[in-house]
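Peer 1: First the structure, then my questions, so here it is.
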């Protein structure tokens, strides 16, 4: 079995995950979806709790529990052989001779090393049920997770 790769910084990981490749973004944009301060605070608390739970699950390397936090669209994208092939071409995976073939491989070799200590610093609302969780990394805002509110629960999604 190949050695575990070095930890992958959030900005080098393709979108969940909300494992999406974090992109540098300005903190506020004029065209940003607007919500009241109360909605922002409530949502921030919910998303923060979700990310804290995800951190625990990822640290425990509990694939099945992690999978329960994913939307079907996310599962489809990161189970797709072409997507996995492209991610396998990243330098850190190639250096460690790791080829991803399943969603579980993606979890083990990409998510676990890069997301166990995620932290929510800000939220960007895209709609009432879609947000981007932002983490400050070296003074830059990066998208940590894209999340969708589904059945009273925040789930990692792809937009």
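The values are calculated or read from the model by the stated rules, or taken from the named source; none is laboratory data. Since the structure is predicted, the reported quantities are computational estimates derived from the model, not experimental observations. Neighbour counts run over all protein chains shown; Cβ positions are idealised from the backbone, glycine included.
Peer 1: Keeping to segment 115-152, report how many residues are in a loop (DSSP other than H, G, I, E, B) and in contact with a strand residue (DSSP E or B) (Cβ under 8 Å, 6 or more places away or on another chain).
Peer 2: Adding up the residues that qualify gives 6.
Peer 1: Residue 152 fails exactly one of the following numbered conditions: (1) touching a helix residue (DSSP H, G or I) at 6+ places or on another chain (Cβ under 8 Å); (2) at positive phi. What is the number of that condition?
Peer 2: Unmet condition: (1).
Peer 1: Same structure, new question: Got at least one residue in segment 121-132 being farther than 20 Å from residue 76 by Cβ, within 14 Å of the chain's Cα centre (by Cα) and modelled with pLDDT under 95?
Peer 2: So far as segment 121-132 goes, no, none of its residues is farther than 20 Å from residue 76 by Cβ, within 14 Å of the chain's Cα centre (by Cα) and modelled with pLDDT under 95.
Peer 1: Another one. For residue 109, indicate whether it is surrounded by 16 or more Cβ atoms within 10 Å (Cβ to Cβ) and under 22 Å from residue 36 (Cα atoms).
Peer 2: Spelling it out, it is not the case that residue 109 is surrounded by 16 or more Cβ atoms within 10 Å (Cβ to Cβ) and under 22 Å from residue 36 (Cα atoms).
Peer 1: Check every one of the helices (runs of 4 or more DSSP H) wholly within segment 33-109 and list those with 3 or more residues that are under 19 Å from residue 143 (Cα atoms) and at pLDDT below 95.
Peer 2: Fully inside segment 33-109 and qualifying: nothing.
Peer 1: How about segment 78-92: which of its residues are surrounded by 18 or more Cβ atoms within 10 Å (Cβ to Cβ) and touching a helix residue (DSSP H, G or I) at 6+ places or on another chain (Cβ under 6 Å)?
Peer 2: Correct list: 78 only.
Peer 1: What's the number of the only condition in (1) within 22 Å of residue 40 (Cα to Cα); (2) under 12 Å from the mean Cα position of the chain (by Cα) that residue 136 fails to meet?
Peer 2: (2)
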